[in-house]
1. Which of the residues that make up region B:1-58 are of a type in the set (S, T, Y), crowded, with 23+ Cβ neighbours inside 10 Å and not in a loop (DSSP other than H, G, I, E, B)?
2. Return the residue satisfying two criteria in turn: it lies in region B:107-117 and is at the interface with chain A (Cβ under 9 Å from one of its Cβ atoms) and surrounded by fewer than 20 Cβ atoms within 10 Å (Cβ to Cβ), and of such residues it is nearest to B:L84 (Cα to Cα).
3. Name the pairs whose Cβ atoms lie under 9 Å apart, with the first residue in region A:15-29 and closer than 21 Å to B:R86 by Cα and more than 7 Å from chain B (Cβ to nearest Cβ), the second in a helix (DSSP H, G or I) and open to solvent by 10 Å² or more (accessible area, probe 1.4 Å), and 6 or more positions between them or separate chains?
4. If you check every pair at least six apart or on different chains, which have Cβ atoms under 6 Å apart with a residue in region B:7-23 that is within 17 Å of B:L116 (Cβ to Cβ) first and a residue that is surrounded by 15 or more Cβ atoms within 10 Å (Cβ to Cβ) and of a type in the set (D, E, K, R) second?
5. What tally of residues in region B:1-35 results from selecting those that are in contact with a helix residue (DSSP H, G or I) (Cβ under 6 Å, 6 or more places away or on another chain) and either at pLDDT below 95 or within 14 Å of chain A (Cβ to nearest Cβ) (or both)?
6. For region A:30-55: of the residues being more than 14 Å from the chain's Cα centre (by Cα) and either touching a residue at least 60 places away in the same chain (Cβ under 8 Å) or open to solvent by less than 40 Å² (accessible area, probe 1.4 Å) (or both), which is nearest to B:T117 (Cα to Cα)?
Amino acid sequence: MKRLSVIFNKAPYGSQAGRELLDIALMAAAFDMDISAIFIGNGVYQLLDKQQPDILQLKNHSPTFKALELYGIETILLEQEALAHRNMTEPQLLDVAELTDNATIQRHIQQSDFVFML
Amino acid sequence: MATFSLLVTASPHSSQGQYSALEFTKALLQQGHTLKRIFFYGDGVLVASRLNCPPSDEINLTKSWAKLAIEHDFELTVCVTAALKRGITNAAEADRNALTGDNLDPAYEISGLGQLTEAMLESDRLITFG
């Protein structure tokens with residue numbers, strides 16, 4: 001089975017990247033593939049709980065991250081160094097991702113057949 | 001020899017990604033590789049408007065892609081959601097969404113994200129130009 005990694009490295013709402021990458025992940029999930037969602041750098045902001053983009057008249061796509069597992073995307077990794085650098089802690093986040101060190105994430109990406117990052 | 005597909009998300013008007021993708025495509029075809037599909041997503045879809053009209057002494061990416069695709073028989077596919085959001089539409093989508101006109105260049109086709117996944121699975125390499 002082909003292994004696909006979808007890498008989120010940008011904060012939400014400042015660009016469409018997170019939303020559009022999420023759509024790629026959900027579509028790929030309809031095919032028979034081993035898919036991982038990986039959050040690195042500013043991408044960790046994608047998983048902040050209690051987002052209120054409606055104040056900016058933007059659609060909140062973060063609830064969809066909670067549904068990734070339902071779509072069969074069960075490997076969800078979050079770079080723990082990125083979280084620490086931003087003075088953020090796990091309780092501030094949606095409870096979906098596994099805190100993982102940078103080296104493990106690098107190995108995971110190396111083992112992927114395909115990688116998407118926008 | 002390998003089969004390639006490209007994902008192009010770069011804006012044709014404000015970054016170099018589209019031009020790099022075009023040159024990369026020419027190079028891989030010259031070397032005898034096969035190209036299955038160019039999939040345009042995000043701001044990359046803006047290249048599919050036949051109304052793009054850069055100054056005459058600048059490269060016209062819309063026409064450059066179209067010419068290459070016709071010569072070498074590969075697909076130029078535009079994501080429907082990304083395209084409609086940015087005002088790129090064919091006649092059928094314009095009709096469906098009650099829009100007053102259409103602007104998709106005839107060398108391009110509008111389709112869904114499934115075409116990106118399919119291209120990935122049927123190619124040896126998928127290269128992103130953002």
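The values are calculated or read from the model by the stated rules, or taken from the named source; none is laboratory data. It should be emphasised that the depicted structure is a prediction, and the values quoted were computed from it without experimental measurement. Positions of Cβ are generated from backbone atoms using ideal geometry, with glycine treated the same way; all protein chains shown enter the neighbour counts. These accessible areas exclude ligands, DNA and RNA; they are computed on the full protein's heavy atoms, side chains included. Shrake-Rupley method; radii C 1.70, N 1.55, O 1.52, S 1.80 Å.
1. B:S5, B:T25
2. Only one residue fits best here, namely B:G112.
3. A:G18/A:Y45; A:R19/A:T64; A:L22/A:T64
4. none
5. Matching residues across region B:1-35 total 7.
6. A:M33
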